[in-house]
Amino acid sequence: MSVFKKTLLTLGFSALGFSAIFIVSMLVFFNSLYYELNTESLKNTANALMEAIGNDRLNEIFSVNTHNNGDFIQLQKIDLPVGVNGAYRLTLIFPSGYVLWDSHVTERLVNHIDREEIRAALEGREGSARRYSVSTGMMLIYYAMPVFDSEENVTGVFRLSFLIPGFWARLSSVLFPFLIFSVLMAVLVFFAIYKFSSSISVSLGRLVNITKTGASLLSNPDAGIVAPEFLSLEKAIRAMTYELNFRLEQAKTESYRLEAILNGMSEAVFAMDSNLKLHLVNPKAREIFNIGNRDIIGLSLLEATHSAELTEAAKKALVSGAVLEMELSFHTGTEQQFQVYVSPLMNVKSGGVVLVLQDITRLVKLERIRKDFVANVSHELRTPIQLIKGFSETLYDAAGESDDSARHFIEIIRKNTGVMENLTNDLLTLASLENNDKNLNPFGIQEMEEQNIITLINEAVLSLEPQAKRKNIEIIVDCADDINAFVYSSSIVQALINLIDNAIKYSSSKSKIWVSAFMEKEELVLQVRDKGIGIPPEHLDRIFERFYRVDRARSREAGGTGLGLSIVRHIALLHRGKAEAESHSGEGSAFRIRIPAVHPYP
C-alpha cells in the first residue's frame, strides 16, 4: 500500500472516529443539560407555587382530609393558583404514600411510597426524578417537597410535575439540517485530508528519489516540493546523501588501496572474526597454505591452514586482548620458518583477530650459518691461542731478567693472547646460549633448580672482590635471605659477574656499587647499580648488542670484549626474562635482569 493510501485511510478513519466520539459525547452532554435545566425550572415553579398556596393551608388540607385503609378521598374544594391545571400537574400525597389529590387524575391512583422523589420528601428533603408515568404514559419531570407542621414533622408531600418532550424527540426537529451540515463538514475534511496526504506522498516520494539518486537533484532543488515543511528535511537529506556518497567513494578508494597493499605484501595476512571465521586472506597466504581460489567466507582458520598452533595463538590473543609474537615452523612441501604477529581487533564491535606471518626461513638459515661459523671459528682458535699463551709464558720465564727487550715483547704477546682467549671464550658462551634450548645451557646444568638468590649474589661478588679492592670500590649487597627462584644458578652467577665487572671497570676509585635482588609482580629483579661515568641516552637501545661499545678506546683499555652485556641479555632470555638498562651520562648506571620467579617451563 502506498504512502498516499496509508495516510489517507489513517487520517480519514482517525477523523471519522474522533468526530463520532465528539458527537456522541456532545449528545450525552446536551441530553444531561436539557433535563437539568428543565428540572431546575420545575424546582423554581414548585417553590413559587408552594409559597403561593402557603404551608399552613397545605397542613390544613392534610389534617382535614384523611383516608381510611387507603381508600381514595376526593376533596370537596381546593383553591389553587391559576395555570396549575394546565401544563403543570400537582399531586398531594399522604405520608403513607396514598395520593390525596391530583390535578389531572380523578380516579384512584396507586400507592406512591416507592417513588424516588416521594421517599426523599418523606425524609425531609426535596427530591426530583424523571420517568414515564404509568398513568399518563408520558415523560414527566417530578419535583417533590415535604410539608411540615409546626413541630417540623412531615404531614404530607407536595409534588409538581411537568410534561416535556424527550431529548431525542426535540432533537429530531433539527436533525435534517444537522445531517446536511455534517455531510458538508465531512466532505471538507475529506478534501483537506486528501490534499494533505497527496502533499506528504509527493514530498516523501521526492525524498526517496533523492536518497536513491544521491545529490544529482541539486540542479533543480525546488522541483516537485509540495509541503514547505519538508524543505529543511530535504536540505538535510541532500547534505547527508552528499556526505554519504563522499564517504562511500573514500571507502572504495581505501578498499582498493588496502587490496593493492595486501596483494603486494610478501607477508601472509589472515583477518577473521571472534569465531575465527576468515573474512580476508591475501594472495601470499593463499600461496603459502595452498588455499588457491577457494571461497574463504565461512572457512575457519584451522580449515584453511591446518595449523593448531596458529589457531591456539589466535584464541590466546582474543582472550588476553594483547598482541602476541612468536616463531613457528610449517611443513608446506619444505620446512619454513615464520615470524607470527597476532593482534586482536579491539576497536571492532564484533571483535576479531589479524595474523601476519613473515617468512624468515632464509634469515634463520643465515643466522644458523653465522652461529655455526662463530662457534666453529672460536673453537678452532681456542687451541692455538692457548698454545701461544703457554709458549709465551715459557719464553717469558726463559728470557730472564737480563733481557728486558725480549720480556717486553713477550709480555705484549701474553696480554693480547689473554684478550683473544677471553674473546673466544665469550664467543663460545654466546654461541651456546643462542643454540641451546631450555634443557641444555653452556654452564652445565641440565635442569632448572630452585636456588637461594643471596647465595648466588655472594658467589659473584666474592669472585670480583680482588678486582674491586684494587680500585678501593665497595660492593654493597641488598637482598633478603628468603628470596628463592627457579634459575640456572651458574648462568645467573655469570650474568652478575659480567654486570659487576662492568661496574668496576667504569667506576672511579673509592666509589660504591650496589647489588640487589627483590620481587616485583611475581618477577625476580636482579639489579647492579653504580655511580660511574654513565651511558648517553642515544646508546641505551644498543648496548646489549654484541661488540657494541659506547667508547671504543676506553673499552679496549679496560680489557672488555664487547660481548658481556650481550651474554647477560641471552641469559635473561634463557630464563624467559629480559635485561634492561637505565643510565644518565655522568650520573651512573643501573642494569636489571627480570625473570619469572616461578618455573618458566611447566
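Computed from the coordinates by the stated procedures, all read-outs in this text should not be read as laboratory data. All values reported here derive from a predicted model rather than from experimental measurement. When we count neighbours, we look across all protein chains shown, and the Cβ atoms used for this are built from the backbone with ideal geometry, even at glycine.
Numbers for the structure displayed
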{"quantity": "Residue order, fewest to most surrounding Cβ atoms within 10 angstrom, among THR241, THR311, THR253, THR361", "calculated": "THR253, THR361, THR311, THR241"}
{"quantity": "Difference of contour (0.36 nm per residue) and Cα-Cα distance, GLU522 to SER19", "calculated": "173.1 nm"}
{"quantity": "Estimated translational D of segment 265-359 in µm²/s (Stokes, Kirkwood radius over Cα pairs; 20 °C; 1.002 mPa s)", "calculated": "162 µm²/s"}
{"quantity": "Per-bin percent of Cα-Cα distances, segment 26-66 [5 Å]", "calculated": "5, 20, 15, 14, 12, 10, 9, 7, 5, 2, 0"}
{"quantity": "Length released on extending from GLU327 to ARG57, taking residue separation times 0.36 nm less the Cα-Cα span", "calculated": "84.6 nm"}
{"quantity": "23 Å tail of the calculated P(r), segment 449-596, as % of Cα pairs", "calculated": "30 percent"}
{"quantity": "Sites ASP482 and LYS531 - FRET efficiency at Förster radius 22 Å, r taken between beta-carbons, to 0.05", "calculated": "0.15"}
{"quantity": "Sites SER585 and LEU248, calculated FRET efficiency, Cβ-Cβ separation with R0 60 Å, nearest 0.05", "calculated": "0.60"}
{"quantity": "Fully extended contour minus Cα-Cα distance, from LEU9 to THR455, at 0.36 nm per residue", "calculated": "151.1 nm"}
{"quantity": "Amide N of segment 265-279 lying under 11 Å from the label point, which is placed 7 angstrom from the Cα of VAL319 along Cα→Cβ", "calculated": "none"}
{"quantity": "Cα-based Lys proximity count in segment 449-596, under 20 Å, for pairs eight or more positions apart or on separate chains", "calculated": "12"}
{"quantity": "Two-site FRET efficiency, ASP149 against VAL110, from Cβ-Cβ distance with R₀ of 30 Å, rounded to 0.05", "calculated": "0.70"}
